[in-house]
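Below: one structure, written as structure tokens.
Where a number appears in this text, it was derived from the coordinates with a stated rule and is not lab data. Remember, predicted model here, so these are calculated numbers, not experimental data.
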Amino acid sequence: MNLKYAAAVTLIAAAVSLSACGGDDGSDADPKEAAAEKLSLVANVKQTSDRVSRASVDRDAAALCREFRPTQVEDQFGSLKACAKVVRRSFQGEPATKPFRVENISQVDGGLLVTYKDNPPGEIVFANEDGRLYIDLEGAPQPGQP
């Protein structure tokens, strides 16, 4: 495990720990279960991030669209096929993409903000839908937004 990934793991574990705080609910959470849950979340972020990176590097529009929240694909594009058509067009004229390298992971409203180093996309918000992490098309911070 490289040092930057280890730092990201530490940050996400801290973020998850902080989000779990919010007062005593009277339960005694098992520290081993909490640690296992954090490791599972970090592994899920890494797997999702790797799939997004691979789809981007390979310019596989359909694979990238499968990483978007399914409800958003339906709402914004109508179908996976229509999404792939739009994404395929966006790849045209763009320089080749290098594999993404995670620099930081932090918790934000509605998901996890993953920041990448030395490579577009910069930041991606991942949200949980049906027990799986997806790219949240509406969750990404936009320029000029507070």
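Numerical summary
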read-out	value
Amide H within-cut-off set for E123, under 5 Å, with H built and near neighbours excluded	Y116
Cross-link reach list, lysines versus K46, counting only Cα pairs under 18 Å and skipping chain neighbours closer than eight places	K4, K38, K98, K117
log₁₀ of I(q)/I(0) at q = 0.09 Å⁻¹ - the stretch 31-144, Debye sum with one point per alpha carbon	-0.24
